[in-house]
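Enquirer: Below are the structure tokens for one structure; questions will follow.
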Amino acid sequence: MRPYLIHHLLEESTEKNPQKTCLVEGARSLTYQELTERSKRFAQALMDLGIQKGEHIGILLDKSLEQVIAMFGTWMAGGVVVLINPILNTEQIAHILFDCEIQTLVSDAAKLSSSPFEKIRNAIIFGEKGEVAFEHAFYIDSTVSAFSPLQKEVRQVSDDTSHIIYTSGSTGLPKGIVVSHRNAIDGAFIVCDYTGLCAEDRIIGVLPLNFDYGFNQLMNTVYLGATFFLYDFFMPNDLLHFLEKERISVFAGIPPIWSKLFHPKLCDLSKPRDFSALRVLTNSGGKVPVPIVQGLRKLFPHTRIFLMYGLTEAFRSTYLDPSEIDQRPDSIGKAIPNVEVFVINSEGKECGPHEEGELVHRGALITKGYWNNPEKTKEVFRPNPFLGPENQHLETVVFSGDIVKKDEEGFLYYVGRKDAMIKTKGYRVSPTEVEEALVRIQGVSECVACGYESDGEILLRVFLTVSDGSLTREKIIGECKKRLPFYLVPDDVVILSQFPLTANGKIDRTRVIEEYARAQQ
Amino acid sequence: MMTREEIKNAIKTHFQNTMGRNPKESESLFEKGFLDSFGVVEFLGFLESQFGVSIPVEEITESNFSTLDAVTDLIEKQMERK
């Protein structure tokens, strides 16, 4: 019957190969046996605090061995993991603690000086006692040796909630997306299947674990019995060195990481390096500009590169088979196994080839909905429209809010967010289309496009970062006029030194656009 | 030629102006939030214009940007090369 709960994945791999290294963080590492043992001790600590089954456990820790121990310990104790990224600001942390009704927190003393913890009753603190006093608190070290391993099994089913993901919140305060054990396990099965991962893989964890895409790397690791390298990305030169030195075989990244790799001021690509161990590279969390896809192909010629699409509400929807990447570098491919994807127009009918419509996801990975937010849940998690009026209630599908189109062969192409389409000069323009055109201009690194109102008319504005300091507003508009139809030529160009980022490291589009608009008023 | 102290002070002033605080000598610029992979480009622009140096791309590493001391070493080295 196993595995049907997330910690079964870990326990099964531990049984098979207890002495194998599971986690590496800098000079520290844990074998499968050590991780299982410490997680069980951690589970006992939670039990001794008196936590209830299904209780939300806030984990405010850096990406670390301790963070992973706390996650598995929580699952073993029947709790729900709520990861809180320490780089969030006090207001965002307070919102998550409040919204998610967190009464038990796992953290370390250094993080507890500045954040709001009035409602927190119980705490497990790695390290020394800090400034904040809790009603009940345990102070432990990373071996959790003060507690004996939990012996009993807490009865749970695969539809129980395993974790709640607070999205990075590019619009308003972050929303909690409720994920089941089944979702997480199916995610690992599906991704390992279509990317062809195996137990020998050495997987780098560059992304935060509170990001579903980063979380899935950990799930894949423990499911396969592979090795996971927790890695904080600062400088692209060091990242390339690490990939080579550790013979990393699987690398999941997002567009801002790729654009740093190809930034001529930051990354030295001239040095010959051996990336022959790197079997699989994946992208999700945004579309990769075609020049960067080509750059990745050149830098990692032996690596299978997967371009993928997903949204946290249903984790992952599509991938492009690596054999198609040179012919269709701008495609997000087709549905992943155990998932179906429809493109639906405004009349609710399936779109024909090249007709733009909303991507609708059905299948294994649909999460349970938004925590504490039935209205928003109803908007996104809807009855399957193809089942007929009497039977629609039998299945829930996710309306992604993303506009895509299909070609004759069924390959999908991302167009843009439904609510971000710009109606300008009589045309319907997707910001993505403009952004892709702009980053093709030599010297332009990153771009965010949006509409703005000027004398009752909607015009087009682009925000750019540039690697060539001599690029001016005029030069860029001139370049655009040479190569683009008039309605795609920006009316306003704003050059920034850097983009603000969300906690997951993606460009915070809303903040870029809104802060500028506010400054203009 | 600027002294080591002058270089250090100019960098501190930059952090003070942009972030409202400045790092202690051996504090990690990354861990303490003064720098992240995305703020490096801007910081690089500042260093190059302030000190009139051009920092070779292979020198853009975590160890060269880890602390105020490390960045100062890097700038001194580039100034000597000129």
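Enquirer: Leaving out same-chain residues fewer than 8 places away, which lysines sit with a Cα under 20 Å from that of A:K152?
Expert: By straight Cα distance, A:K152 reaches A:K40, A:K53.
Enquirer: Right, something else. Based on the alpha-carbon gyration tensor of the stretch A:1-57 and its eigenvalue square roots a ≥ b ≥ c, which shape applies: rounded if a/c is under 1.5, prolate if not and a/b is larger than b/c, or oblate? Working shown, then result.
Expert: Values: a/c = 2.45, a/b = 1.41, b/c = 1.74.
Oblate, because a/c is 1.5 or more while a/b does not exceed b/c.
Enquirer: Dipole magnitude of the protein assembly as shown about its Cα centre, charges +1 at Lys/Arg Cβ and -1 at Asp/Glu Cβ only, in debye to the nearest 20?
Expert: 380
Enquirer: Moving on to the next point. Multiply the residue gap between A:I87 and A:D419 by 0.36 nm, knock off their C-alpha separation, and tell me the result in nm, one decimal place.
Expert: 116.7 nm
Enquirer: Pull up the DSSP beta bridges for the stretch A:140-231 and report the antiparallel fraction as a percent, rounded to 5.
Expert: Looking only at bridges with both residues in the stretch A:140-231, the antiparallel portion is about 55 percent.
Enquirer: Kindly identify the stretch A:199-273 as rounded, prolate or oblate by the Cα gyration tensor criterion: order the square roots of the eigenvalues as a ≥ b ≥ c, call it rounded if a/c is under 1.5, otherwise compare a/b with b/c, prolate if a/b is larger, else oblate.
Expert: Cα axes put the stretch A:199-273 in the oblate bin.
Enquirer: Taking R0 as 45 Å, what FRET efficiency do you get between B:M19 and A:L394 from their Cβ-Cβ distance, rounded to the nearest 0.05?
Expert: Result of the calculation: an efficiency of 0.25.
Enquirer: Taking the convex hull of the Cα atoms, report for the protein assembly as shown its projected area averaged over all directions, in nm².
Expert: Taking the Cα atoms of the protein assembly as shown, their convex hull projects to 29.2 nm² on average.
Enquirer: Continuing with the same structure: With a 10 Å Cβ neighbour count serving as the proxy for reagent exposure, in which order, fewest first, do A:E395, A:E128 appear?
Expert: Values: A:E395 14, A:E128 10.
Listing A:E395, A:E128 from fewest to most nearby Cβ atoms yields A:E128, A:E395.
Enquirer: Placing +1 on the Cβ of each Lys and Arg and -1 on the Cβ of each Asp and Glu in the protein assembly as shown, which of A:P353, A:A519, A:Q33 has its Cα farthest towards the positive end of the resulting dipole?
Expert: A:P353
Enquirer: Can you pick out the pairs among A:K425/A:K482; A:K260/B:K32; A:K20/A:K245; A:K406/A:K482 whose Cα atoms lie more than 23 Å from each other?
Expert: On the way: A:K425/A:K482 18 Å; A:K260/B:K32 21 Å; A:K20/A:K245 19 Å; A:K406/A:K482 29 Å.
Pairs exceeding 23 Å: A:K406/A:K482.
Enquirer: Something else about it: Across peptide A:464-472, what mean number of C-beta atoms from other chains lies inside 10 Å of a residue's C-beta?
Expert: Taking the mean over all residues of the peptide, I get 1.
Enquirer: Using 1/(1 + (r/R0)^6) with R0 = 41 angstrom and r between the beta carbons of A:K152 and A:S346, what's the FRET efficiency to the nearest 0.05? Numbers along the way, then the final one.
Expert: On the way: r = 54 Å, r/R0 = 1.32.
The calculated FRET efficiency here is 0.15.
Enquirer: Something else now. Select from A:L365, A:P116, A:N17 the residue farthest towards the positive end of the dipole of chain A; place +1 on Cβ of Lys and Arg, -1 on Cβ of Asp and Glu, and compute about the Cα centre.
Expert: My answer, from the dipole projection, is A:N17.
Enquirer: If you don't mind, another one. Residue separation times 0.36 nm, minus the C-alpha to C-alpha distance between A:Q327 and A:Y487: what's the value?
Expert: Difference between extended and current length: 54.9 nm.
Enquirer: Just want the ordering: A:K298, A:K260, B:K12, from fewest to most Cβ atoms lying within 10 Å of their own Cβ.
Expert: A:K298, B:K12, A:K260
Enquirer: Can you pull out the trypsin sites (Lys or Arg not before Pro) in the stretch A:28-95 whose DSSP state is coil and whose Cβ has at most 14 other Cβ atoms within 10 Å?
Expert: Listed in order of number, the matching sites are A:K53.
Enquirer: For the pair A:M1/A:S276, report the inter-label distance in nm, with labels modelled 7 Å from Cα in the Cβ direction.
Expert: 4.8
Enquirer: Label points 7 Å out from Cα along the Cβ direction at A:E379 and A:V290: separation in nm?
Expert: Calculated label separation equals 3.4 nm.
Enquirer: Sort B:M79, A:M1 so that the residue with the fewest other Cβ atoms within 10 Å of its own Cβ comes first and the one with the most comes last.
Expert: Sorted ascending by nearby Cβ count, the order is A:M1, B:M79.
Enquirer: If you don't mind, another one. Can you show me the helix-derived [θ] at 222 nm for chain A, built from DSSP H runs with n ≥ 4 at -39,500 (n - 2.57) apiece and divided by the number of residues, rounded to the nearest 500.
Expert: Dividing the helical sum by the residues of chain A leaves -8500 deg cm²/dmol.
Enquirer: Related question: Among A:T432, A:A137, A:G410, which residue has its Cα furthest toward the positive end of the charge dipole of the protein assembly as shown, with +1 on Lys/Arg Cβ and -1 on Asp/Glu Cβ?
Expert: The Cα lying farthest towards the positive end belongs to A:G410.
Enquirer: Right, here's the next one. Can you compute the FRET efficiency between A:T472 and A:Y139 using 1/(1 + (r/R0)^6), with r the Cβ-Cβ distance and R0 = 45 Å? Round to the nearest 0.05.
Expert: Values: r = 57 Å, r/R0 = 1.27.
The pair A:T472/A:Y139 has a calculated efficiency of 0.20.
Enquirer: So for the stretch A:330-399: antiparallel DSSP bridges make up what percent, rounded to the nearest 5?
Expert: Of all bridge pairs located within the stretch A:330-399, approximately 100 percent are antiparallel.
Enquirer: How big is the charge dipole of chain B about its Cα centre, in debye rounded to the nearest 20, if each Lys and Arg gets +1 on its Cβ and each Asp and Glu gets -1 on its Cβ?
Expert: Here chain B has a charge dipole of around 260 debye.
Enquirer: Going through the stretch A:155-233, which trypsin sites (Lys or Arg not before Pro) have at most 16 other Cβ atoms within 10 Å and a DSSP loop state?
Expert: Taking the stretch A:155-233 and a limit of 16 other Cβ atoms within 10 Å, the loop trypsin sites (Lys or Arg not before Pro) found are A:R155.
Rule-based calculations on the coordinates, nothing more; no lab input. Everything numeric here is computed off the predicted structure, so don't read it as measured data. Positions of Cβ are generated from backbone atoms using ideal geometry, with glycine treated the same way; all protein chains shown enter the neighbour counts.
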